[in-house]
Amino acid sequence: MTKTESRHEKDVKAEVLAESERRDLEAAKRAKRFRILVCIDGSDESYRGLRYAVKLSGGQDTDIVLLYVRPIDQGLRSGGLQLRVARENMLNWGLDLPGVKYLQKGMDLLEELGRMRGEAASEFTHIDVDGDPLGDHKTVYQAEDGNSVVLKLKTAPDIASGVLDQYELGPYNLIILGGSSRWRGMAENFWDPAVAEKVAVHAPCSVLVSRDLDVGHGHLLCTDGSENSMQMIRADALIASRCECPISLISVALEEDGKAQAEDNVARAKAMLDEMNIEVVETFVRVGNPVEEITEIGVDYSVIVVSDTGKTGLTRFFMGSVAFKVLNTAHNSVMIAR
C-alpha cells in the first residue's frame, strides 16, 4: 500500500512538473511576441482602443487579448454550466452572461477590420474562482501565420485588480483601456482612484488610456531630457512605427532661462530617432507649466506619450508627476510609456 501511494505521489509530482515546464515554455514564446491587452467594457471608447490595437498589429508577431472583467458572483447561478463552458467556445453559450456580448462585438469588429482571417478556436479553458459559480473563461483563436486573438472573461473583486492580475498571466507590451464614464466614473480619491489611473500607476508595461482616439494624427512624445524619457521615446517610436503613426517631440522649460536645455532635450531625442531611421515630423519647445503646454499642443494628436517616473506604484501616486497630471487633465488619449 505504501509503495502504491509512493508511485502515485511521484506521478502527481511529475504531472505538476510537466505542467510547470509547459507554462514556462509558453511564457518564453509569448515574451518574444508583441502582445496587446485590450480591456473591453462595452463603451465606444474601448472599441476605439481595439481599432488602434489592430492598427498596431500589422506585423507577423502580434497577439491581441480582449479582456472583460466582471465582479465575483454578480448574482449568477451556474446550474451545472461549468463542465460545458470548460469544453466549449464561450461565444456559443447562447447565454446573456455579463461581458460575453461585449466580447462578441469585439470579435465582430476584428472580422470587419480583417484581423480575423480563418482563425479557428483552438483552446477553451475554464478556471474555478472561489465564491463565483462560473469562474474565468478563455478562448484562443490561432491563425496560420502564428498570430492569435484571445477572448478572456475574468472574474475579480474589482476591474483594476482584474486587469493587473491578467498582466501577470501575460506578459504584455501594452494595455489599452477606454477612458469612458464607466472607467472614470468611480470616486477619484486615495481609497478608490479611477480604474484607468490605478492601472496606469501599477502596471509594469505601457498603458494607453483611450479618449476620442483617432489613429490618424500621430504621437506627441514628451521629453525632459532624463534617461527615462529617452527610453520612452525609443520604445514608443518603435510602437508608432508599427502603425506608421507620425512622431512629434516636445520639451517644456519652467522658466525662460531653461529654454536652452529644453531645446537640447528635443535635439538629442531627434538625433536618437534619426539614428533609428525614424522621421520626426515636428518639434516644439515651450516655456511655462508643463502640463498646460503639453495638453494644449497635444489636443491635435492621436496620443500624448509621457514617460513613467521610474518609481514604485505608491511613490508615483504620491509624487503626482507631470505624466499622471497629463493623464488626468488631457481630453484626448494619453500613453504612460514604460
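Once you reduce segment 202-227 and segment 153-178 to the center of their Cα atoms, the two points are 19 Å from each other. For GLY135, the amide hydrogen comes within under 5 Å of the amide hydrogens of VAL129, counting only partners 5 or more places away or on other chains and with H modelled in the peptide plane. Note on segment 215-337: with charges restricted to the Cβ of Lys and Arg (+1) and Asp and Glu (-1), its dipole about the Cα centre is near 480 debye. Under 5 Å between amide hydrogens, built in the peptide plane, is the criterion, and for ARG35 it picks out ASP63, ASN173, LEU174 among residues at least 5 positions away or on other chains.
For SER241 and SER122 in the same chain, what is the full-extension length gain: residue separation times 0.36 nm, less their Cα-Cα distance, in nm?
Difference between extended and current length: 39.7 nm.
The HN-Hα couplings worked out from phi for segment 204-214 by the Karplus form 6.51 cos²θ - 1.76 cosθ + 1.60 (θ = phi - 60°) are x, 10, 5, 10, 10, 9, 8, 9, 6, 6, 10 Hz, whole numbers, x standing for Gly and Pro. Measuring r between the beta carbons of LYS259 and ASP214 and using R0 = 35 Å, the FRET efficiency lands at 0.65.
Our coupling estimate for segment 323-338, obtained by passing each phi through the Karplus curve with A = 6.51, B = -1.76, C = 1.60 and θ = phi - 60°, is 4, 7, 5, 5, 4, 7, 9, 5, 9, 10, 5, 10, 10, 8, 9, 9 Hz, Gly and Pro reported as x.
Our summary of shape: the Cα atoms of segment 215-337 have principal axis extents of 37, 31, 26 Å, ordered from largest down, in whole angstrom. Each Cα pair under 8 Å and six or more residues apart adds its sequence gap; the mean of these over the residue count of segment 215-337 is a relative contact order of 31 percent. In sequence order, segment 230-239 has phi-based couplings of 5, 5, 4, 4, 4, 5, 6, 4, 5, 5 Hz under the Karplus curve 6.51 cos²θ - 1.76 cosθ + 1.60, θ = phi - 60°, and Gly or Pro positions carry x. Under the Kirkwood approximation for Rh and a Cα-based Rg, what ratio Rg/Rh is obtained for segment 206-256? For segment 206-256, the value is 1.00.
Given the peptides 145-157, 194-206, arrange them by the average over their residues of other C-beta atoms within 10 Å, most packed first. Before the final figure, lay out each step's value.
On the way: 145-157: 19.5, 194-206: 22.2.
Going by the mean number of other Cβ atoms within 10 Å, highest first, we get 194-206, 145-157.
Once the C-beta distance of GLU292 and LYS105 is scaled by a Förster radius of 30 Å, the resulting FRET efficiency is 0.20 to the nearest 0.05.
Where a number appears in this text, it was derived from the coordinates with a stated rule and is not lab data. Quick caveat, the model's predicted, so the values are computed rather than measured. Heads up, the Cβs are rebuilt from the backbone with ideal geometry, glycines too, and the neighbour counts pull from every protein chain shown.
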